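Computed from the coordinates by the stated procedures, all read-outs in this text should not be read as laboratory data. These figures come from a predicted structure and were not determined experimentally. Positions of Cβ are backbone-derived with ideal geometry, glycine not excepted, and every protein chain shown enters the neighbour counts.
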Amino acid sequence: MIDFKQLAQAYEQDMVQDLKDLISFPSLTDESSISKDAPFGQPLKETLDWFLKRCSEYGFDVDNVDGYAGVASYGKQSTALGMLGHLDVVPVGEGWSKDPFKAVIENGVMFGRGTGDDKGPTVAALYAMRILKDLNLPLKHQLQLIVGLDEETGMRCMDYFTKHRPSPDFGFVPDAYFPLIYGEKGIANLLLTSQHSTIIESFHAGERPNIVIGKANFKVKVKHHQEAFEWYQKAHRLSMDVNVISDSLVEYTAYGDYTHASTPHKGINAAYHAFNFVGSVYHDQLASEAASLLADVMGKSLNIAFDGVHMGWLSTNCGIVNVSENKCELTIDIRYPNDVSIDWITQRVNERLSQTSFTSKVIAHKGPHFVDPSSELVQTLHRVYKEYSGDDFTPPLTMGGGTYARTMPNFVAYGMKFITKPQLPHVGDAHQKDEGIEIEDLVLATAIYAKALYELAYEDA
Ligand SMILES: [Zn+2]
């Protein structure tokens with residue numbers, strides 16, 4: 001029996017050095033340096049060039065997919081097992097205590113933008129392939145590592161890839177959690193519109209459908225009512241600011257709590273409270289209607305509550321609000337389980353809206369992604385995880401977020417975050433400040449990936 005844990009440890013130094021080099025690239029989309037061979041700008045082109053050069057030094061065949069994505073492959077078989085990672089990162093943001101592009105290592109933790117999402121997991125996948133290549137055993141399926149360059153800003157890389165290259169037959173995406181994610185909810189964005197007189201002078205909040213609105217600033221054509229203002233905050237355990245502009249115009253700010261739209265119950269939507277405040281305190285019909293549509297995050301107020309067998313509750317989030325000149329627009333992000341369909345959702349929402357002044361239209365949609373949890377792929381990946389992590393308890397999972405897995409059939413997300421392991425308090429998660437990973441997790445994930453590739457793609461595994 002091959003001990004992949006021991007093998008991964010033997011490659012630890014190389015792996016850490018490659019990840020440090022990769023973290024040093026500020027691989028963000030740069031509109032100002034876009035060109036034909038750099039569709040996402042120069043920094044991402046340089047990152048991909050470096051990555052493919054390293055892969056080719058390790059003896060892999062490499063393919064630059066017109067600057068949208070890259071492939072490192074091993075073997076010439078007609079069927080392929082793929083792994084999908086990404087080299088782009090989200091902007092640094094504020095509050096870091098370390099240089100986000102220096103890959104500082106302290107007490108076994110490497111800090112840096114991309115360490116957890118998704119450069120670390122991508123390097124683990126690369127080393128899993130490198131370990132197997134160096135073992136030189138008889139392959140059944142070709143191995144591929146595909147890296148995309150625009151996962152965080154629309155996944156155009158994978159659109160391009162799937163149009164210009166054959167997709168591998170099956171595989172996994174090291175860009176989420178262990179044990180593995182075999183289902184991802186469908187994602188629909190609806191625009192609800194109403195033309196109706198209102199005392200709201202202006203209200204613009206939120207920038208993206210997939211973020212719960214954490215702060216809502218709005219102007220109302222009323223005389224400020226201090227008692228009601230205090231009552232509302234107390235009753236809803238919420239904080240608000242007021243700026244009385246005149247006897248007939250007041251500016252309010254409501255504070256909620258930002259979070260991702262796939263888990264809206266973890267946040268507080270400030271826009272809902274803005275509408276609810278204006279509706280209940282000043283009896284404005286449009287505001288009351290909007291509040292009644294946004295009142296819960298499990299679809300009840302939109303007539304689409306549903307508890308899926310595999311994927312759990314349908315969830316809703318209002319991510320963008322625009323009110324001006326008696327026109328109100330609400331952008332709603334809906335995450336739905338695979339038991340229901342987009343047609344079911346639009347029909348039920350429209351039934352509900354027929355009692356209001358609002359109409360709706362679908363402005364974006366991606367269907368749910370589902371791989372049979374009893375399939376050989378899921379069973380094998382789960383078995384390997386259990387054996388190497390010692391976690392016998394956690395079953396395969398589903399989630400509301402979206403990974404690359406949904407771009408190809410027979411793909412599931414697989415690590416490399418160990419959800420059973422508590423997050424160290426000084427280490428940031430994906431997209432957060434002081435993003436970091438424990439080196440021992442990087443090595444363990446590499447061992448798990450190597451063993452998984454071995455079991456799924458080798459002749460006498
Ligand atoms: Zn990612």
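Annotations
- The ranking of 181, 199, 363 by Cβ neighbour count inside 10 Å, starting from the fewest, reads 363, 199, 181.
- With neighbours defined as other Cβ atoms within 10 Å of a residue's Cβ, the residues 113, 130, 208 order from fewest to most as 208, 130, 113.
- Taking only alpha carbon atoms, region 101-169 gives an Rg to Rh ratio of 1.06, where Rh is the Kirkwood radius.
- Relative contact order of the chain, pairs being alpha-carbon contacts under 8 Å that are 6 or more residues apart, as %: 23
- P(r), alpha carbons of region 186-366 - 10 Å bins starting at zero, rounded %: 10, 40, 34, 13, 3, 0
- Exceedance of the 24 Å cut-off in Cα-Cα distance is limited, within the set 223/266; 36/76; 98/266; 76/163, to 223/266; 36/76; 98/266.
- Among 263, 450, 331 - extreme Cα towards positive end, dipole of the chain, charges at beta-carbon: 331
- The residue 242 and residue 53 beta-carbon pair, evaluated with R₀ = 45 Å, returns a calculated FRET efficiency of approximately 0.15.
- With contacts taken as Cα pairs under 8 Å and at least 6 residues apart, region 237-352 reaches a relative contact order of 17 percent.
- Hypothetical label at residue 14: residues of region 433-461 whose amide nitrogen lies under 15 Å (7 Å Cα-Cβ projection): 443, 446-447, 450
- Label positions at residue 221 and residue 305, each projected 7 Å from the Cα along the C-beta direction, are separated by 3.7 nm.
- Cα lying deepest toward the dipole's positive end in region 186-366, options 301, 197, 315, charges on Cβ: 315
- 0 to 90° range, to nearest 10: angle between helix 42-57 axis and the chain longest Cα axis: 20
- For the chain, the longest principal axis of the C-alpha atoms and the axis of helix 226-236 are separated by about 40°.
- Rg and Dmax [Cα atoms of region 126-246; Å; Rg one decimal, Dmax integer]: 25.9, 80
- Ascending count of other beta-carbon atoms within 10 Å, so fewest first, for 345, 245, 448: 245, 345, 448
- Just so you know, the averaged projected area of the alpha carbon convex hull for region 308-461 sits at 13.1 nm².
- Inter-probe distance in nm under a simple model that places probes 7 Å from Cα toward Cβ, at residue 235 and residue 350: 3.6
- Residue 163 versus residue 433: modelled label distance in nm, points set 7 Å from Cα along the beta carbon direction: 4.0
- Summed residue charge, Cβ within 13 Å of residue 352's Cβ, Lys/Arg positive, Asp/Glu negative: -1
- In plain terms, the chain from residue 107 to residue 35 could stretch by 21.8 nm, reckoned as 0.36 nm per residue minus the Cα-Cα distance.
- Unit charges at the beta carbon, dipole of the chain: most positive-side option, 286, 239, 143: 286
- Volume per residue of the convex hull around the Cα atoms, evaluated for the chain, comes out as 157 Å³.
- Cα-centred dipole magnitude for the chain, charges only on beta-carbon of K, R (+1) and D, E (-1), debye, nearest 20: 700
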